[in-house]
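Below you'll find the structure, written out as structure tokens, and then a few comments.
Just so you know, all these numbers are worked out from the coordinates, no wet-lab data involved. All figures in this text were calculated on a predicted structure; none of them were measured in a lab. In this analysis, Cβ positions are derived from the backbone assuming ideal geometry, glycine residues included, and neighbour counts consider all displayed protein chains.
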Amino acid sequence: MPNPSKYNQILDALQELLENQELPSISVSEIAHTAGIGKGSIYYYFPSKDAILQALVERNYEKPLQTAKSLAYQREIPPFTRMAMIFQACRNSSSEFLKSQDQTESSTQTRIFIHQKYVNHIITELKPVLAEIIRQGIQGGEIHFEDPEALAEIVLIVLTVKMDNTLVPSSREEIENIISALISLLEKGTGNPAGSLNFLKSQTP
């Protein structure tokens, strides 16, 4: 049976190394040394360095994703309110990640590469959850839209890129304008009255 303590030691070691080194320069041997375990033990848990990085990404977003999956079943909460709660949970995790990256000496290229992993993970994991919430809204007559999966992906792409503001940096005013445009499109596209989704603006950085 894999040892959870060693598993997390390996992830902690990579996170520690990323504070002072570029990702390409970090070797599996260094990760093992920093974790205080043998190199062979690394391969018992992970097939490659990329797999360790992916696991680190998944661990950092475990809490908001669990929150999202829990909200999918709470039908007493309006669908867009649940979506906003999910976005806030993810933004909190992203903020912590970005704060830690700002304190490191990693290059912009390394930070963007790692953040792309985070964005990809969020979109992949949250798309079916948001699609289910949207589907529930359609069934309840609160949302009028033909393709829940497409709507979920559109919203996630805009929000993850703009709220985290790392992949395509924008000014606060630009972000607010984009979120306002997204809200307007959501209201028109889902049959919600103008202004009814303005509470989503509170999710902007």
Relative packing of peptides 128-137, 189-198 - highest average C-beta neighbours within 10 Å first: 128-137, 189-198
Computed FRET value (nearest 0.05) for residue 153 with residue 76, which takes r as the C-beta separation and R₀ as 25 Å: 0.45
Rounded FRET efficiency, nearest 0.05, which uses the C-beta distance separating residue 12 from residue 62 and R0 of 22 Å: 0.90
Distance between modelled label sites at residue 69 and residue 5, nm, 7 Å Cα→Cβ extension: 2.6 nm
Label-point separation in nm, residue 41 to residue 19, each point 7 Å along Cα→Cβ: 2.1 nm
